[in-house]
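Working notes, beginning with the structure itself.
The numbers here are math on the coordinates, done by the rules we state, and not lab data. Remember, predicted model here, so these are calculated numbers, not experimental data.
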Amino acid sequence: MVTRTALSCPKCQQAFAPPPEAAAGIADSRCPRCHATLTLTAFPRLTAQPAEAAPDTAGSTARDGDAVCRFYPHLQAETVCAECGCLMSRRAAVDWAGRTLCMPCLHTLRETKGAGDFSPRRPLHDNAALGLVVLLAPLSFVTGPIALFQLIRHRRAPGSLIPRSRFRWWLALILSIAATLGWIALFITWIVIIVQAVTA
């Protein structure tokens, strides 16, 4: 049955109730005051019945004498945060990297402390080194040693969040070593040529 919500005529602003046949979707009607022909379109929300609230199944309601959740005081405490030790219900608990945490501790580990298992993003040092050597090849006399230093310094850093091979790391290492040794050999050759030219 159509909800008896008052509508207003767009011509004379007279309020009137939609006819019952408007529940079918589209119905024609007339304004009771100015008799203008109106086409009414009933959207599903007009005839929808209010949904019943779903029962809270994410925790047990606390009774007198029970330990209560820190974040939902009406729920019984069922677990403990592995980081700060607060009592919380299963509704407030987050299982991450094999540990049960509360949301504030998870946020602290991810954003403030930058713990590896909880980091939302990780720098890809192999991609950065590869870019330094390949994309900036004309400047590889500077970028080659920098890329080599970055690869060696961060060789034990956690890799990508998505599992992948070490191919890029090894490729970047080989290219950075080749670029560094190539420029060293070139500089030595230039120095030898200049010395021979001066002493000749």
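Taking amide H as placed 1.01 Å from N in the peptide plane, the amide H of Leu7 sits under 5 Å from that of Phe16, Ala17, each at least 5 places away or on another chain. Between amide H atoms placed 1.01 Å from N, distances below 5 Å from Glu83 occur with Cys102, all of them 5 or more places distant or on a separate chain. Percent of C-alpha pairs per 10 Å bin in the range 125-199, short distances first: 20, 41, 22, 11, 5, 1.
Close amide H pairs (under 5 Å, H built 1.01 Å from N) link Tyr72 with Ser89, residues at least 5 positions away or on another chain.
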